[in-house]
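What follows is a short report on a single structure.
The values are calculated or read from the model by the stated rules, or taken from the named source; none is laboratory data. These figures come from a predicted structure and were not determined experimentally. Cβ: placed from backbone, ideal geometry, glycine included. Neighbour counts: every protein chain shown.
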Amino acid sequence: MKLHFSRKMLCIPYAVFLVFFVIIPMLVILFYAFTDKELHLSFSNFIRFFSDPTKLSTIVYSLVIALITTVACLLIAYPVAYILARSKIKKKYVIVLLFVTPMWINFVLRVNAIRELFNLLSAQRGMEWLAGSNYFKTVFGMVYDFLPFMVLPLYTTLLKIDQSLYEASADLGAGAFTTFTRVTIPLSMPGIMSGVTMVFLPSMTNYVVSDMLGNAKVTIVGKFIYEYFGTDWHMGSMVALVLLVVVFLSTWLSGGFKAEDTVRGANL
Amino acid sequence: MNKKTLAVKCLKAAFVGLVLLVLYTPILLLAVYSFDKTDMIGRFEGFSLRHYAALFADAKVLGMIGKTFLLAFVAATLSTVLGTAGALGMFYCKKRVRTAIHGVSQIPIINAEIVTALALAILFVVIGVGKSYFTLVIGHMVICTPFVVLSVMPKLKQMDNSLYEAALDLGASPMKALFRVVLPQIIPGVISGFMLAVTLSLDDYIVTVYTRPAGFETISTYVYNATMKGNAHTAQTLSSFWALTTIIFLVIVLFVVLSNLSGIRRKEARK
């Protein structure tokens with residue numbers, strides 16, 4: 001039998017790739033999370049995880065760091081995106097590009113640059129407090145590194161809002177504030193959701209920032225998994241699984257995820 | 001224009017400008033002090049290229065940089081081929097199949113990188129594949145390929161489908177029609193997918209750490225280790241990173257400017 005070429009077949013290699021390197025690894029994690037060292041079914045990891053106060057407090061710390069980072073990013077990125085999206089100047093995409101460009105420098109080199117800046121600042125008179133403020137430096141570094149992830153989706157959704165809707169709102173007697181809360185924010189919700197997802201998760205898990213800026217004194221969930229990888233896969237898998245569930249829940253709750261927004265301005 | 005709107009305008013510009021200033025301060029700081037004589041940031045002692053000289057004299061660092069770029073090129077090329085073919089296939093599949101593949105394809109994008117990395121690392125141990133260049137490339141492909149699919153998909157949706165039919169009617173084989181008619185229409189998406197894959201691979205730290213063979217260093221892992229475990233490295237190593245950051249930054253700026261200029265020229269040519 002001769003196999004005829006069909007365009008549909010082109011997706012077979014990718015589908016196989018996804019099964020082997022995305023689906024099966026997730027199943028492996030699931031398996032390890034619910035087994036003990038003899039590979040018997042066990043909930044001990046689950047119980048150990050949720051009954052250890054030091055683990056739980058690390059998770060709470062990590063959540064707080066991620067929350068502060070996300071809110072700070074939103075508070076900075078929203079005005080920036082709003083101003084740029086509604087600005088009438090020509091070539092405003094150049095300014096948007098300025099926000100994206102630092103993202104193309106190697107991530108670790110960028111964190112290193114902030115590290116050097118902090119080293120310089122904390123050597124100044126009156127700034128000595130900075131040297132020991134590991135949490136502040138970590139959060140600053142995360143806001144710095146993940147800000148473009150927030151600016152881009154917000155900018156693209158705000159740009160899509162029809163100008164006449166603002167005019168209609170004003171014509172119907174709404175003030176600037178009402179228009180903002182009743183028109184702008186609801187219509188930019190998809191962008192807010194994408195941005196929040198893209199900032200929140202890395203700031204809970206990207207331990208490069210917390211290690212390099214927090215003098216390795218700030219432990220976030222990602223570092224947890226790293227530490228367990230050397231000692232206890234079962235526990236590591238359990239932490240990873242919890243993260244995975246959080247990701248799926250938040251994606252589901254936010255009504256799907258606009259993956260297009262994540263392409264780092266490549267389609268700008 | 002009255003005074004109030006002018007003030008508001010200035011305020012807006014000042015805000016955007018301030019955020020940009022903070023965003024560029026660390027990079028510009030390194031760029032300035034990369035030309036300084038000393039290893040200290042804070043006081044400019046005199047112009048010198050010694051950090052650049054040190055960077056280019058260190059064979060280990062140069063080799064590491066070369067390996068990083070080679071890895072990015074290999075992973076991005078494979079991801080682009082796999083992802084473009086995947087996107088094409090998905091586009092012509094039934095909606096159910098397309099939604100399923102697309103859904104799985106989004107997992108590495110939304111998932112925490114550490115979870116992807118851990119899962120892959122455990123998988124490789126379970127199936128008994130030792131960590132090698134192969135596992136490293138697979139790791140990078142897992143994080144890059146979904147992004148290639150994402151940047152190719154919109155171009156497929158914009159494509160004029162009747163051209164493919166016309167090519168078949170005119171006697172082209174499906175393969176030929178695909179390469180000569182479909183591919184040229186989606187090539188901008190393929191190129192931006194490739195570029196995206198390159199930057200993702202160059203940037204990666206976490207997946208690299210979990211899938212690399214022993215002793216393999218990329219820029220990310222090398223810089224991380226040098227700053228975290230400073231004992232084995234001198235101040236010279238750290239300050240040669242300033243030079244490296246500056247070079248990468250300049251290359252990116254050059255690239256952005258050039259691609260914009262050519263973009264403007266293309267737009268004008270279309271007029």
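Considering region B:1-47 alone, what residues qualify as being of a type in the set (Ser, Thr, Tyr) and either within 31 Å of the chain's Cα centre (by Cα) or on the phi > 0 side of the Ramachandran plot (or both)?
B:Tyr24, B:Thr25, B:Tyr33, B:Ser34
Scan region B:229-256 for residues that are assigned to a helix (DSSP H, G or I), modelled with pLDDT under 85 and exposed (fewer than 13 other Cβ atoms within 10 Å of the Cβ) and report the count.
Qualifying residue count for the region: 4.
Among (1) modelled with pLDDT of 85 or more; (2) over 26 Å from A:Ala72 (Cβ atoms); (3) among the charged types (D, E, K, R), which single condition is A:Asp211 missing?
(2)
The rows are residues; the columns are (1) within 11 Å of chain B (Cβ to nearest Cβ); (2) part of a helix (DSSP H, G or I); (3) touching a Gly at 6+ places or on another chain (Cβ under 6 Å); (4) not small (Gly, Ala, Ser).
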residue	(1), (2), (3), (4)
A:Lys90	no, no, no, yes
A:Tyr93	yes, yes, no, yes
A:Arg110	yes, yes, no, yes
A:Thr138	no, yes, yes, yes
A:Met142	no, yes, no, yes
A:Asp145	yes, yes, no, yes
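List the residue pairs whose Cβ atoms are under 7 Å apart, where the first residue sits in region A:117-130 and is within 8 Å of chain B (Cβ to nearest Cβ), the second is outside any loop (DSSP other than H, G, I, E, B) and crowded, with 17+ Cβ neighbours inside 10 Å, and the two are 6 or more positions apart or on different chains.
Correct list of pairs: A:Leu117/B:Pro26; A:Leu117/B:Leu29.
Out of the residues in region B:90-122 meeting the condition of being within 7 Å of chain A (Cβ to nearest Cβ), polar (S, T, N, Q) and not in a loop (DSSP other than H, G, I, E, B), tell me which one is surrounded by the most Cβ atoms within 10 Å (Cβ to Cβ).
B:Ser105
Among B:Ala14, B:Ala53, which is surrounded by fewer than 15 Cβ atoms within 10 Å (Cβ to Cβ) and more than 12 Å from chain A (Cβ to nearest Cβ)?
Only one candidate passes the filter, namely B:Ala53.
Going residue by residue through region A:79-88, is there one that turns out to be under 24 Å from the mean Cα position of the chain (by Cα), within 28 Å of B:Arg96 (Cβ to Cβ) and more than 7 Å from chain B (Cβ to nearest Cβ)?
There is no residue in region A:79-88 that is under 24 Å from the mean Cα position of the chain (by Cα), within 28 Å of B:Arg96 (Cβ to Cβ) and more than 7 Å from chain B (Cβ to nearest Cβ).
Report the residue count in region B:1-58 for those that are part of a helix (DSSP H, G or I), farther than 24 Å from A:Arg115 by Cβ and among the polar types (S, T, N, Q).
Residues meeting the conditions: 1.
Being touching a residue at least 40 places away in the same chain (Cβ under 8 Å), at the interface with chain A (Cβ under 10 Å from one of its Cβ atoms), under 18 Å from B:Thr80 (Cα atoms) and surrounded by 14 or more Cβ atoms within 10 Å (Cβ to Cβ), is that true of even one residue in region B:203-215?
Yes; the residues of region B:203-215 include at least one that is touching a residue at least 40 places away in the same chain (Cβ under 8 Å), at the interface with chain A (Cβ under 10 Å from one of its Cβ atoms), under 18 Å from B:Thr80 (Cα atoms) and surrounded by 14 or more Cβ atoms within 10 Å (Cβ to Cβ).
Any chance region A:176-191 includes a residue that's within 12 Å of chain B (Cβ to nearest Cβ) and touching a residue at least 12 places away in the same chain (Cβ under 8 Å)?
no
Which of the residues that make up region A:185-197 are modelled with pLDDT of 85 or more and either surrounded by fewer than 24 Cβ atoms within 10 Å (Cβ to Cβ) or assigned to a loop (DSSP other than H, G, I, E, B) (or both)?
Within region A:185-197, A:Ile185, A:Pro186, A:Leu187, A:Ser188, A:Met189, A:Ile192, A:Met193, A:Val196 meet the criteria.
Could you count how many residues in region B:73-89 are within 7 Å of chain A (Cβ to nearest Cβ) and among the polar types (S, T, N, Q)?
Total satisfying the criteria: 0.
Restricting attention to region B:152-165, does a residue exist that is under 30 Å from B:Tyr210 (Cβ atoms) and free of Cβ contacts under 8 Å to residues at least 60 places away in the same chain?
no
Within region A:7-20, is there a residue that is within 14 Å of chain B (Cβ to nearest Cβ), within 20 Å of B:Thr116 (Cα to Cα), among the aromatic types (Phe, Trp, Tyr) and exposed (fewer than 15 other Cβ atoms within 10 Å of the Cβ)?
yes
Output the number of residues of region B:165-193 satisfying the condition of being more than 10 Å from every other protein chain (Cβ to nearest Cβ) and closer than 30 Å to B:Gly66 by Cα.
Matching residues across region B:165-193 total 2.
So which residues in region B:12-59 are β-branched (Val, Ile, Thr), modelled with pLDDT of 85 or more and over 30 Å from A:Tyr82 (Cα atoms)?
Passing the criteria: only B:Val32.
Go through region A:220-268 and count every residue that is at pLDDT 85 or above, assigned to a loop (DSSP other than H, G, I, E, B) and over 15 Å from the mean Cα position of the chain (by Cα).
Summing the residues that are at pLDDT 85 or above, assigned to a loop (DSSP other than H, G, I, E, B) and over 15 Å from the mean Cα position of the chain (by Cα) in region A:220-268 gives 0.
What number goes with the only condition from (1) closer than 19 Å to B:Thr135 by Cα; (2) among the hydrophobic types (A, V, I, L, M, F, W, C); (3) free of Cβ contacts under 8 Å to residues at least 24 places away in the same chain that B:Leu118 does not pass?
B:Leu118 satisfies every listed condition except (3).
Restricting to region A:70-97, and then to whatever is surrounded by fewer than 16 Cβ atoms within 10 Å (Cβ to Cβ) and in contact with a Phe, Trp or Tyr (Cβ under 9 Å, 6 or more places away or on another chain), can you tell me which residue is farthest from A:Tyr166 (Cα to Cα)?
Among those residues, the one meeting the criterion is A:Pro79.
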